[in-house]
Amino acid sequence: MSDSEVILCLLPSIVALFLFLILISRKKHQQQSRGLNLPPGNMGWPFLGETIGYLKPYCATSIGEFMEQHISRYGKIYKSSLFGEPTIVSADAGLNRFILQNEGRLFECSYPRSIGGILGKWSMLVLVGDMHRDMRTISLNFLSHARLRTHLLREVEKHTLLVLGSWKENFVFSAQDEAKKFTFNLMAKHIMSLDPGEPETEQLKKLYVTFMKGVVSAPLNLPGTAYRKALQSRSTILKFIERKMEERLKEGNENIGEDDLLGWVLKHSNLSKEQILDLILSLLFAGHETSSVSIALAIYFLPGCPNAIEHLREEHIEIARAKKKAGETELNWDDYKKMEFTQCVISETLRLGNVVRFLHRKALKDVRYKGYDIPCGWKVLPVIAAVHLDPLLFDHPQHFNPWRWQSNITRSSSSSTSYSSMTSSHFMPFGGGPRLCAGSELAKLEMAVFIHHLVLNYQWDLADLDDQAFAFPFVDFQKGLQIRAQRQTNFI
Ligand code: HEM
């Protein structure tokens, strides 16, 4: 019997089982919520709840129709049923902060099971408790400030120049692919010392593309689905990493180099082989996809704000001229610290583009917030994008305005606020609390160095004005963000 015939035969039993589970879970939730003051909302269809509406793609610089309608109907905190579970959705800045700060006490990270299936049960995204803490310590050590200064800045610049140096004038090409090439090469080097362009690096890149398609697809482990293919890629990628691991172990513990993450964990941690494989795979995932989308978003937003490009260029020309005068070629940490307006551009890109739009949590206890009850066991989704695009918190939120991040911006009227203090407390592109992104500083460094060389060497325009960033909910340019670039040699 073929795979599809087996599925057809089993279909009625699967449907019956689903219905049975729905009935049980509905009953359980009715009992759970009795006597509680739940936020208003709609639990939608059995099992599916409102998931399809919630995940419907929309323009990445908006919160989407679903969210808009729900907020206007129910307010910023509402109940729903998403990903097969009763859920509290929060577009409320205060509740989002409260959820993230109370990780492990009142709330806990809780990604859908399919994420664990594909990233691995030891992936940092799904681990909780002591094991999460241990893995996080390793990642933070490896991404420490000291390593950024001594190792990573140099590598980031090298990989930036490699990618930008390959751009052909007046050709139309996908800036999204170029950004992906840059961040993948950087992570492959940093994690396993793989050099760009080498056959094994290219092989890993190919496997990784299939893997990524599955991470962002519906978790249907059926023949021919993207998810099934991604699981197959996962196992090939793991074999690849395992081979690299064995090569290192053959060298003997004292000879293992510590320049990359693989060498570092083999030498300094007590992790099992399975744990190391999942750690490497999940860092490759966490560190590559998000940063590349952020760089693509900066390339996309900037042409719409020529003043910002001009301001950036002034900042970077000054840095480059000072270096030329001092006879230096490579960027150093002091140069990076001078990129102040660039940091405003980075913050604004992350605020408006919202690479990570919402996080997955569950309540560990019954929690009361602003008079509403969040029952123990319910899923909780802090939607950070909704806060970043809230007109009550950010003036003209749809407008790309890097100047809003300058600390000296104050308004004269009494009703207005200083942007600096208000914006920063509601700004959470990297999450918050004990699970704050371990690679946030690296991500900002990558963006800044890329922007430095981009504005010094190129002028670019968008070749297809219809190609917008969409939230699927992962952010992506459907046509790859096609641009046309002209090299500039006369800026310095
Ligand atoms: C602009 C780029 C990036 C964005 C927007 C971003 C965003 C985030 C967010 C929102 C979280 C929290 C997830 C949660 O709480 O459920 C997170 C976690 C994480 N990120 Fe990033 N990230 C970026 C780049 C990176 C890079 C470059 C790396 C590493 C090389 C990295 C490594 C991690 C790790 C290891 C975690 C898990 C932290 C933990 O669970 O303790 N990220 N990231």
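Side notes on the structure shown:
- Extreme residue, farthest from Asn270 (Cα to Cα), among residues of the range 161-186 that are of a type in the set (S, T, N, Q), within 15 Å of the ligand (Cβ to nearest atom) and in contact (Cβ under 8 Å) with a residue 60 or more places away in the chain: Gln176
- Extreme residue, farthest from the ligand (Cβ to nearest atom), among residues of the range 135-160 that are part of a helix (DSSP H, G or I) and closer than 26 Å to Arg105 by Cβ: Asn141
- Residue check for Glu441: buried (at least 22 other Cβ atoms within 10 Å of the Cβ), of a type in the set (Asp, Glu), over 13 Å from the mean Cα position of the chain (by Cα) and within 14 Å of the ligand (Cβ to nearest atom): no
- Annotation for the range 261-278: at least one member residue is within 25 Å of Leu140 (Cβ to Cβ), crowded, with 21+ Cβ neighbours inside 10 Å and either of a type in the set (S, T, N, Q) or touching a Pro at 6+ places or on another chain (Cβ under 8 Å) (or both).
- Screening Thr236 with (1) within 28 Å of Ile191 (Cβ to Cβ); (2) at pLDDT 95 or above; (3) β-branched (Val, Ile, Thr) gives one miss only, at (2).
- Evaluated against (1) within 16 Å of the ligand (Cβ to nearest atom); (2) at pLDDT below 85, Gly214 falls short on exactly one condition, (1).
- Failed item, numbered, when Lys323 is tested on (1) free of Cβ contacts under 8 Å to residues at least 24 places away in the same chain; (2) in contact with a strand residue (DSSP E or B) (Cβ under 9 Å, 6 or more places away or on another chain): (2)
- Restricting the range 377-400 to residues that are free of Cβ contacts under 8 Å to residues at least 60 places away in the same chain and surrounded by fewer than 21 Cβ atoms within 10 Å (Cβ to Cβ), the residue that is nearest to the ligand (Cβ to nearest atom): Pro397
- Of the residues making up the range 51-82, those that are crowded, with 20+ Cβ neighbours inside 10 Å and touching a helix residue (DSSP H, G or I) at 6+ places or on another chain (Cβ under 8 Å) are Tyr54, Ala60, Thr61, Ile63, Met67, Lys76, Ile77, Tyr78, Ser80, Ser81, Leu82.
Condition check ((1) at pLDDT below 90; (2) within 13 Å of the ligand (Cβ to nearest atom)) across all residues:
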residue: Leu95; (1), (2): no, no
residue: Ile99; (1), (2): no, yes
residue: Glu103; (1), (2): no, yes
residue: Phe107; (1), (2): no, yes
residue: Leu119; (1), (2): yes, yes
residue: Gly129; (1), (2): no, yes
residue: Arg133; (1), (2): no, yes
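- Whichever residue in the range 187-245 is small (Gly, Ala, Ser) and within 28 Å of Gly165 (Cα to Cα) and, among such residues, is surrounded by the most Cβ atoms within 10 Å (Cβ to Cβ): Ala188
- Evaluation of Arg73 against (1) assigned to a loop (DSSP other than H, G, I, E, B); (2) at pLDDT 90 or above (one fails), failing number: (1)
- Meets criteria (within 11 Å of the ligand (Cβ to nearest atom), assigned to a helix (DSSP H, G or I) and touching a Lys or Arg at 6+ places or on another chain (Cβ under 8 Å)) for Ile346: yes
- Any hit, the range 350-369, residues being more than 15 Å from the chain's Cα centre (by Cα), away from the ligand (no atom under 13 Å from the Cβ) and at pLDDT below 95: no
The values are calculated or read from the model by the stated rules, or taken from the named source; none is laboratory data. Values in this document were obtained by computation on a predicted structure and should not be read as measured data. Cβ sites come from the backbone with ideal geometry, for glycine too, and all protein chains shown count toward neighbours.
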